[in-house]
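Okay, so here's the structure we're looking at.
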């Protein structure tokens, strides 16, 4: 017995990503992370667990950190998205990115984009976070390499500089 393929429903999604207007027709079941990586070729956003646990896919949606593997692309209709590529659109590292490098807050680098997105959202809201506030802001991001201390230290250093 042959089963006919069911046509996939699609939707047109219009949004702003890293300051650029985008309009794409995507399958209604497409995850935001796949729109970002596969359709827009912004591969800085990583896919880690596909369950929302690791935070590697964190992006900002209207300024709020969101795990893009847990959001459908159609839910992003009309939003403003920033990916890790959008943190430094002029190509210069931000103070936070510089602090990550200086503090050796990365090893394999897989978690780094998500960590940067969560930390930059924190610093946008709170320019002098306590160590505890930093830990709370990063608790949705898993790093298997660093032991976290250098990451917290990097965020503290960036906060001293007063910029995300």
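The values are calculated or read from the model by the stated rules, or taken from the named source; none is laboratory data. This is a predicted model, so every value here is computed, not measured. Cβ atoms come from the backbone with ideal geometry, glycine included; neighbour counts cover every protein chain shown.
Laid out as a table, the results:
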{"read-out": "Flag for residue 55 being surrounded by 14 or more Cβ atoms within 10 Å (Cβ to Cβ), on the phi > 0 side of the Ramachandran plot, touching a helix residue (DSSP H, G or I) at 6+ places or on another chain (Cβ under 7 Å) and at pLDDT 95 or above", "value": "yes"}
{"read-out": "Complete set of residues in the stretch 115-132 that are within 18 Å of residue 60 (Cβ to Cβ) and assigned to a helix (DSSP H, G or I)", "value": "115, 116, 117, 118, 119, 120, 121, 122, 123, 124, 125"}
{"read-out": "Within the stretch 136-149, considering residues that are in a helix (DSSP H, G or I) and farther than 21 Å from residue 45 by Cα, the one modelled with the lowest pLDDT", "value": "149"}
{"read-out": "Single unsatisfied condition, residue 130 versus (1) in contact with a helix residue (DSSP H, G or I) (Cβ under 8 Å, 6 or more places away or on another chain); (2) at pLDDT 95 or above; (3) closer than 24 Å to residue 147 by Cα", "value": "(1)"}
{"read-out": "Subset of the stretch 68-87 [surrounded by fewer than 21 Cβ atoms within 10 Å (Cβ to Cβ) and in contact with a strand residue (DSSP E or B) (Cβ under 6 Å, 6 or more places away or on another chain)]", "value": "74, 77, 79, 80"}
{"read-out": "Residue check for residue 62: surrounded by fewer than 23 Cβ atoms within 10 Å (Cβ to Cβ) and closer than 23 Å to residue 28 by Cβ", "value": "yes"}
{"read-out": "The lone exception for residue 127 - which of (1) without any contact (Cβ under 8 Å) to a residue 40 or more places away in the chain; (2) within 12 Å of the chain's Cα centre (by Cα) it fails", "value": "(2)"}
{"read-out": "Entirely in the stretch 1-74, the strands (runs of 3 or more DSSP E) that have 1 or more residues that are touching a residue at least 60 places away in the same chain (Cβ under 8 Å)", "value": "10-17, 58-61, 64-67"}
{"read-out": "Residue 99 being closer than 19 Å to residue 148 by Cβ, out of contact with any strand residue (DSSP E or B) (no Cβ under 9 Å at 6 or more places or on another chain) and at pLDDT 95 or above", "value": "yes"}
{"read-out": "Selection count, the stretch 97-112, where residues are in contact (Cβ under 8 Å) with a residue 60 or more places away in the chain and loosely packed, with under 14 Cβ neighbours inside 10 Å", "value": "0"}
